[in-house]
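See structure below.
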Amino acid sequence: MKKFIKKIIIYLSITLLLGNLIGFTANYFLSKSQFYKSSFLVNAFNKGEKFDYFIVGSSRGLTTLNTNLIDQKLNLKGVNLSMDDTDLKTQFLMIKHFFNSGFSSKYLILTLDESHFKSTSLNLGNNDYRFSPFIRREYVKNHFDEYEKNTLGIISNANVNPFFNYSYYNFELFLPAALSVIKPNFRNKFDAKGNYSYPNSGVKLLFEKNNAIKQKITNPLVKEIKEFLKTKKCKLIIYVAPYFNKEYVFDTHKINYQIINHTNILNDDLKYFYDATHVNNEGRNLCSKLFSVNFISLIKK
Amino acid sequence: MLFNSLDFAIFLPIVFTLYWFVFSKKVSHQNFVIFISSYIFYGFWDWRFLTLIFFSSLVDFYSGIKIDKAKTKFKRKLFLSLSLFSNLGLLAFFKYYNFFLDSFSDSFQFFGYSINADRLSIVLPVGISFYTFQTLSYSIDVYNKKIHHTNNFLAFLSFVSFFPQLVAGPIERASNLLPQFFYKRVFNYDKAVSGIQLIVWGFFKKMVIADNASIIVNGIFENYQNQSFESLLLGAFLFSFQIYGDFSGYSDIAIGVARLFNFDLMTNFKFPYLSKNIGEFWKRWHISLSTWFRDYLYIPLGGSKGSLNTSIRNVFIVFLVSGFWHGANWTFVFWGLIHAMFYIPLFISIKKGTEKDSTNKFRVFNIFSTFILVMFSWIIFRSESISDSILYIKRILTFKSGDSFFTSTSKYLVITGVCFLSILFTVLVEIYNQKKERVEVYFKSVFLIFLCLIIAFFGAIKNHSDFIYFQF
């Protein structure tokens with residue numbers, strides 16, 4: 001029995017050791033890559049680089065505004081740091097990541113989804129693991145400590161035990177890390193400025209005449225983001241991208257946010273939509289042009 | 001509690017410690033640990049159904065005593081009937097009640113009548129088909145005077161609920177497993193090491209092959225109407241290995257865990273995809289069930305002793321019942337029927353003595369063609385309905401063009417690649433071990449570390465799925 005237990009402990013220890021060695025190596029390569037937005041920001045741009053604006057949001061932020069077009073039109077310098085399937089607290093983490101990585105910007109364009117006008121869930125986001133290569137940074141660690149409910153603390157403890165993290169998220173982290181060894185500049189579905197668009201495929205959506213919905217933005221996280229930006233001398237502009245068959249109206253007098261409201265800017269024209277919540281490439285071009293007009297007028301105020 | 005869960009990773013070392021270090025002095029103490037831990041294991045899924053296992057155990061324990069002590073044949077039959085009716089009755093109610101009701105209602109509608117069928121919302125107790133068959137084997141064996149009844153209720157309870165094989169087998173015979181509960185177990189180093197090897201190999205098959213394949217298979221079968229014939233073929237191929245990896249993986253883990261407690265469970269799979277014909281396939285696939293049906297259904301029906309027609313009838317019955325055992329759906333019955341049709345020509349040639357021994361020249365071809373037949377039959381098994389399976393097969397045979405689910409995203413393409421590599425690895429390992437005339441794989445302990453790392457970095461850990469055979 002003694003021999004058996006001894007052997008089990010030795011073999012388990014070797015497995016853990018080798019697993020962590022692989023985990024740390026994978027973490028290193030992923031942090032030096034451009035695969036996900038978190039490492040793309042750090043590796044694709046020079047430290048200390050100044051931007052005129054940066055966009056943060058979910059897939060709606062990623063696919064509605066094209067920074068190439070906006071920069072060309074307004075002669076500005078911007079980057080799109082939106083990530084699909086993320087909520088406001090992950091977007092806040094991206095904002096912190098931007099400034100803590102040594103970048104600065106005059107404006108943040110926060111693409112706010114309707115599900116975050118009032119509140120945000122306190123559970124770990126589906127794509128938060130994409131920040132795990134930077135787990136040693138305090139603000140990233142704090143984020144995972146606060147929101148990860150898993151008893152093993154798979155991501156929270158990845159600074160000391162990356163094995164579990166790279167094993168649990170093996171297809172999301174380990175294989176991209178392996179790819180990054182060969183192609184460190186490979187980007188996961190976005191261009192050199194962080195943009196991505198959905199194709200102009202036909203979409204069948206039923207139109208129903210609805211009245212505009214009066215909405216207030218009361219999510220305390222938005223306020224917190226604004227306070228944070230103040231310390232970084234960056235101004236917040238909230239952008240609400242188009243929805244099919246839905247219009248929101250915001251009372252801008254009662255809230256101290258600058259809002260560019262494009263919820264019904266496309267007049268529910270199906271040729272601009274990929275689905276009910278995302279525009280297609282044609283819709284993106286139009287939205288980016290219209291956004292440029294609104295944006296420049298806000299800057300000039 | 002699933003084998004591939006954190007709960008089990010905590011549960012197993014605790015039970016192991018209690019069993020070998022705290023309650024190891026007396027056999028009754030060891031059985032008590034097994035009994036309590038087995039009920040906790042099962043209770044993690046739904047504690048209410050513990051009463052069912054207990055009831056089933058109680059009935060068969062009592063029936064066993066009464067059958068063995070009965071002086072007349074009538075009384076023996078009476079108590080055997082009590083066991084059969086209560087076990088099969090439970091199975092029929094929980095597993096087949098709604099199915100029979102729907103089929104009854106559908107048949108009336110077919111003739112233009114309509115009847116009101118009130119379905120019950122019944123939860124199927126996990127593993128009911130496995131443990132009822134196990135307890136039944138006890139009563140039948142006592143009836144057939146193959147074994148004597150036991151008066152040791154704790155040992156009997158532990159035998160019925162033994163947690164490694166409680167929910168998905170192997171379906172043990174009382175003659176093999178029950179006596180092991182009568183003697184004090186002493187730790188056996190070699191057996192424990194081989195147990196660990198089987199557990200790791202089982203996890204590899206389950207988490208790397210089966211769970212990864214399930215992601216692709218589900219995507220293809222859910223939208224088979226839009227898929228190209230290549231994609232559908234891939235779906236059928238991967239499902240063949242998904243169900244193999246899932247079920248044989250579970251069996252390996254179960255046998256391995258049992259060995260840690262110095263119990264021997266029967267081999268359930270012997271490299272079935274290396275079979276040269278359907279007959280051999282059924283001698284290598286889910287052996288505990290096929291031998292159960294052989295001993296308790298086929299032979300009592302007369303087996304192959306009667307005329308050719310009677311024997312063929314018996315084979316058909318066994319395959320149909322075996323299909324029906326898998327679930328309350330006509331697809332399973334149809335699957336059993338198809339296998340009977342595959343097997344009958346071979347059976348006739350064996351019976352007539354005209355069966356040709358396959359030479360090495362055709363060996364690879366025979367293995368390949370047997371696999372193709374089995375693979376197509378799995379389409380029926382996996383489909384929602386018989387018509388779905390026919391359409392699925394029709395799309396393959398008519399070379400239909402369409403979407404390819406596995407190439408729809410780079411992630412699915414990578415998963416498909418991982419599946420292929422792991423399947424290739426498994427087949428090579430099995431061919432090597434078969435050549436060495438082993439019935440299970442064997443590794444040097446150091447290789448286990450490599451295997452553990454492969455499981456960790458290529459297994460579907462986040463997207464793991466339940467064991468397929470839990471639903472049966």
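In the structure displayed, which of A:77/A:289; A:230/A:300; A:47/A:193; B:206/B:436 lie more than 21 Å apart, Cα to Cα? Can you show the working numbers first?
On the way: A:77/A:289 15 Å; A:230/A:300 19 Å; A:47/A:193 16 Å; B:206/B:436 24 Å.
Exceeds cut-off: B:206/B:436.
Helix-only estimate, please: 222 nm mean residue ellipticity of chain A, summing -39500 (n - 2.57) across DSSP H runs of length 4 or more and dividing by its residues, to the nearest 500. Numbers along the way, then the final one.
Values: 10 runs with 122 residues, N = 301.
Counting only the DSSP helices, I get -12500 deg cm²/dmol.
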Margin query: Within chain A, which whole H helices from DSSP have a Cα span along their axis of at least 24 Å and a mean Kyte-Doolittle hydropathy of -1.0 or more, if any?
Written below: A:2-31, A:281-300
Check: Between segment B:278-340 and segment A:51-94, what's the alpha-carbon centroid distance in Å?
Finding: 63
Notebook entry, point to check: Quick one: if you take sqrt(5λ) for each eigenvalue of the C-alpha gyration tensor of segment A:2-300, what semi-axes come out, biggest first, whole angstrom?
Noted result: 38, 20, 19
Checklist line | Those trypsin sites (Lys or Arg not before Pro) in segment A:119-151 that DSSP places in a loop and that have at most 15 other beta carbons within 10 Å | finding: A:136, A:149
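Given contacts defined as C-alpha pairs under 8 Å and at least six residues apart, what's the relative contact order of chain A, whole-number percent? Each step should come with its number before you reach the end.
Details: 514 pairs, mean separation 72.5, N = 301.
The value is 24 percent.
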Next item on the list: Nearest 5 is fine: what % of DSSP beta bridges in segment A:149-301 come out antiparallel, could you say?
Entry: 10
Next item on the list: Using only C-alpha positions, report the orientation-averaged shadow area of the convex hull of the protein assembly as shown, nm², one decimal.
Entry: 40.6
Notebook entry, point to check: Bin by bin, in steps of 10 Å, what percent of the Cα pairs in chain B do you find, going until the bin that has the longest distance?
Noted result: 4, 18, 28, 28, 16, 5, 1, 0
Checklist line | Ascending count of other beta-carbon atoms within 10 Å, so fewest first, for A:257, A:129 | finding: A:257, A:129
Item checked: Share antiparallel - DSSP beta bridges, chain A, percent rounded to 5 -> 5
Next item on the list: State the Cα centre-to-centre distance between segment B:10-55 and segment A:123-183 in whole Å.
Entry: 36
Next item on the list: Compute the semi-axes of the equivalent ellipsoid of segment B:123-195, taking the square root of 5 times each eigenvalue of the Cα gyration tensor, and list them largest first in whole Å.
Entry: 21, 18, 11
Check: Hey, fewest Cβ within 10 Å first, where do A:22, B:34, A:225, A:5 land in order?
Finding: A:5, A:22, A:225, B:34
Next item on the list: Provide Rg and Dmax in Å for segment B:6-185, with only Cα atoms included in the calculation.
Entry: 19.2, 69
Notebook entry, point to check: For the protein assembly as shown, what is the charge dipole size about the Cα centre, in debye to the nearest 20, if Lys and Arg each add +1 at the Cβ and Asp and Glu each add -1 at the Cβ?
Noted result: 1500
Next item on the list: Using +1 at the Cβ of each Lys and Arg and -1 at the Cβ of each Asp and Glu in the protein assembly as shown, identify which of B:198, B:447, B:162 lies farthest towards the dipole's positive end.
Entry: B:447
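Please average, across the residues of B:443-454, the number of beta carbons from any other chain that are within 10 Å of each residue's own beta carbon, and give a whole number.
3
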Notebook entry, point to check: For the pair residue A:121 and residue B:72, how long in nm is the line joining their label points, each one 7 Å along Cα→Cβ?
Noted result: 6.8
Next item on the list: Sort B:68, A:113 so the one with the fewest other Cβ atoms within 10 Å of its own Cβ comes first.
Entry: B:68, A:113
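In the protein assembly as shown, what percentage of the DSSP-assigned beta bridges are antiparallel, given to the nearest 5? Display every interim value, and only then the final one.
Details: 1 of 23 bridges.
Here the share of antiparallel DSSP bridges comes out near 5 percent.
No lab work stands behind these numbers, since they all come straight from the coordinates. Because the structure is predicted, anything quoted here is derived from the model rather than measured. Please note: Cβ atoms are built from the backbone with ideal geometry, for glycine as well, and neighbour counts cover all protein chains shown.
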